[in-house]
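What follows is one structure encoded as structure tokens, with my remarks underneath.
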Amino acid sequence: MRSYIIEEPDIDLLLSHLSKYFSNTFKRISRYELIRFAVFIHRIPAKDPNTDFINLTTVVEYNPVGREAYLTLESSGTEAKEAKLAVEILGPANNNQWNYRRNDRTIQDCPHCKATYVYRIDISQQNVTTVVCHNCAREFQVTQIIK
Ligand SMILES: [Zn+2]
């Protein structure tokens, strides 16, 4: 799974790109007040003798007030295949120079008190980061999981 924040996208262009190329199984674009929400499911023939298809689900949420789109994609393919699909999905962002960044999150437990935390992963950082638990005030390390 990969998540991105896309800054100031042309949301209609992004949604029509996803509708055209990544929605051969399911597509739903809805609007709640100002917020746009879309789900696309796509099935891709796999070049792999063990599996027939790769399923790809893309979810987009756009709030025009913040002018940011949250895009998450999840596939049944390998990490390498998913990276390639992400490049294709982000085509309009690359072609139109919209800024975007990874927004992946990980859930980790404090090893001392078992408090659970959700971390946003910043891929510009090092592989392991030390954090302080808000529950027990002890330090523990959060491991980078993005390849
Ligand atoms: Zn703790």
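The table that follows gives values for the structure above.
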quantity: In the chain, lysine pairs closer than 30 Å at Cα, eight or more apart or cross-chain; calculated: 14
quantity: 19, 76, ranked by accessible area, largest first (probe 1.4 Å); calculated: 76, 19
quantity: Long-range Cα-Cα pairs in the range 2-102 (distance over 21 Å), rounded percent; calculated: 31 percent
quantity: Isolated Cys in the chain, by beta carbon distance under 4.7 Å; calculated: none
quantity: Extension gain from residue 115 to residue 34, taking 0.36 nm per residue of separation minus the Cα-Cα distance; calculated: 25.6 nm
quantity: Accessible carbon and sulfur surface of the chain relative to its total accessible area, %, 1.4 Å; calculated: 49 percent
quantity: Per residue, in Å², the accessible surface of the chain once ligands and nucleic acids are set aside, probe 1.4 Å; calculated: 64 Å²
quantity: Mean ellipticity per residue at 222 nm, deg cm²/dmol - from DSSP H runs of n ≥ 4 across the chain, formula -39500 (n - 2.57); calculated: -5000 deg cm²/dmol
quantity: Nearest-20 debye value, the range 2-102 charge dipole, Cβ charges on Lys, Arg, Asp, Glu; calculated: 160 debye
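The values are calculated or read from the model by the stated rules, or taken from the named source; none is laboratory data. Everything quoted here is computed from the prediction, not taken from an experiment. Please note: Cβ atoms are built from the backbone with ideal geometry, for glycine as well, and neighbour counts cover all protein chains shown. Just the protein is used for accessible areas: all its heavy atoms, side chains included, with ligands, DNA and RNA removed. Shrake-Rupley method; radii C 1.70, N 1.55, O 1.52, S 1.80 Å.
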